[in-house]
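The values are calculated or read from the model by the stated rules, or taken from the named source; none is laboratory data. Model, not experiment: these values are computed from the prediction. Counting neighbours? That spans all protein chains shown, and the Cβs are built from the backbone with ideal geometry, glycine included. Ligands, DNA and RNA are stripped out before the accessible areas are found, and what is left, the full protein with its side chains, is counted by its heavy atoms. Shrake-Rupley method; radii C 1.70, N 1.55, O 1.52, S 1.80 Å.
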Amino acid sequence: MNADYLDPINSLNMPEMADMTFAMDFLLRAKEGVRNLSIALTETASPDVRALLHNHLKQGIAMHQEITELMIRKKWFHPYKLNEQYQLDQLSAKNTVMIGQMNLFPDDTSRKGMFDRTPDEHTGGHKA
């Protein structure tokens, strides 16, 4: 593992991995919304509220389907090929562990010496 997270080579494929992560999160949120609307629909007595919730539920299911189809088309999600999905999940877990092991917060956080003057120097302030 390359511990230098600032090295540009480590950002290879990063935009696509970020897109895949955002899409999966969006898919899970859409699924959660469908589930919550379904529960609300079964517990509502008002015909007007039931109609409103039913309409939102249809929209939520359609959105979930669109996100799923996008992810399948982009090969970010393999619901019918479990072996491929397993490999993708393993890669994601490996990347997560690697990121967790990176030293993203170095011990020395001093910024002294990085700037040629102090912020208040133009007002007659003292030098660092």
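Overview of results
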{"quantity": "Any hit, the range 25-40, residues being under 20 Å from T96 (Cα atoms) and among the acidic types (D, E)", "calculated": "yes"}
{"quantity": "Selection status of Q59, open to solvent by 80 Å² or more (accessible area, probe 1.4 Å), free of Cβ contacts under 8 Å to residues at least 12 places away in the same chain and within 30 Å of N13 (Cβ to Cβ)", "calculated": "no"}
{"quantity": "Subset tally (residues that are closer than 16 Å to L12 by Cα and either touching a Lys or Arg at 6+ places or on another chain (Cβ under 9 Å) or open to solvent by less than 60 Å² (accessible area, probe 1.4 Å) (or both)) for the range 83-97", "calculated": "1"}
{"quantity": "Residue pairs meeting the criteria (Cβ under 8 Å; at least 6 apart or on separate chains; first closer than 23 Å to R35 by Cβ, in the range 63-83; second among the hydroxyl-bearing types (S, T, Y) and open to solvent by less than 50 Å² (accessible area, probe 1.4 Å))", "calculated": "F77/T68; P79/T68"}
{"quantity": "Test: residue in the range 97-119 that is among the β-branched types (V, I, T) and at pLDDT below 70", "calculated": "yes"}
{"quantity": "Looking only at the range 9-27, and only at residues there that are open to solvent by 100 Å² or more (accessible area, probe 1.4 Å) and in a helix (DSSP H, G or I), the one that is modelled with the lowest pLDDT", "calculated": "I9"}
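Condition check ((1) under 19 Å from E16 (Cβ atoms); (2) in a helix (DSSP H, G or I)) across all residues:
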residue	(1), (2)
R29	no, yes
R35	no, yes
A40	no, yes
V49	no, yes
L53	no, yes
H64	no, yes
W76	yes, no
Q85	yes, yes
L88	yes, yes
